[in-house]
Amino acid sequence: MAYARVLGEHVHAHEVPELDPQPRDAEGHGYVDFLASTELSVGLAVWLAGSIDRQQPHKEDEVYYVISGRGSIRVADEDRPVKPGSLVFVAAGVEHRFHDIEEDLRVLVFWAPPHVAPRHA
């Protein structure tokens, strides 16, 4: 995980506009975890306009906060449009994915318990 500077022993400061999730897949999707504690982790995800979200259900609860972009999200059997300011909760184990991405999406992802990113060899 890449962490920003530490202020004191307990504060991590991050400039979210400066975060650039790398590496990206062939469709331009990227994700980076940038904050973690024993109870919560936070990451930034990017999906480019027209791309396909291929994520699978997770073991953690998630909250998505859309910083920028437009599209839709399907959670279980419900669709809803998303835009800057949209906040969507997804319970652990529930099928979900972004779709019909009209403008590049930049999304904060809050995980509880903390997300454990897969390691690549």
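The values are calculated or read from the model by the stated rules, or taken from the named source; none is laboratory data. Computed from a predicted model, the values in this text were never measured in an experiment. Glycine gets a Cβ as well: all are built from the backbone with ideal geometry, and neighbour counts include every protein chain shown. Areas reflect the complete protein model, heavy atoms only, side chains present, ligands, DNA and RNA absent. Shrake-Rupley method; radii C 1.70, N 1.55, O 1.52, S 1.80 Å.
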- Considering the stretch 61-99 alone, what residues qualify as being in contact with a Pro (Cβ under 9 Å, 6 or more places away or on another chain), surrounded by 13 or more Cβ atoms within 10 Å (Cβ to Cβ) and without any contact (Cβ under 8 Å) to a residue 40 or more places away in the chain? Ser68, Gly69, Arg70, Gly71, Ser72, Ile73, Val90, Ala92, Val94
- Task: May I ask you to list the residues in the stretch 40-50 that are part of a loop (DSSP other than H, G, I, E, B) and either at pLDDT 95 or above or among the basic types (Lys, Arg) (or both)?
- Result: Leu48, Ala49, Gly50
- Search result, residues across the stretch 29-50 that are open to solvent by 10 Å² or more (accessible area, probe 1.4 Å), of a type in the set (Gly, Ala, Ser) and closer than 20 Å to Lys83 by Cβ: Ala49, Gly50
- Message: I'd like the residue in the stretch 11-28 that is touching a strand residue (DSSP E or B) at 6+ places or on another chain (Cβ under 6 Å) and aliphatic (A, V, I, L, M) and, out of all such residues, is least open to solvent (accessible area, probe 1.4 Å).
- Response: Ala13
- Task: From the list Phe98, Phe89, pick out the single residue that is closer than 16 Å to His29 by Cβ and not charged (D, E, K, R).
- Result: Phe98
- Return yes or no: is Asp104 loosely packed, with under 15 Cβ neighbours inside 10 Å and either under 21 Å from Gln22 (Cα atoms) or more than 13 Å from the chain's Cα centre (by Cα) (or both)? no
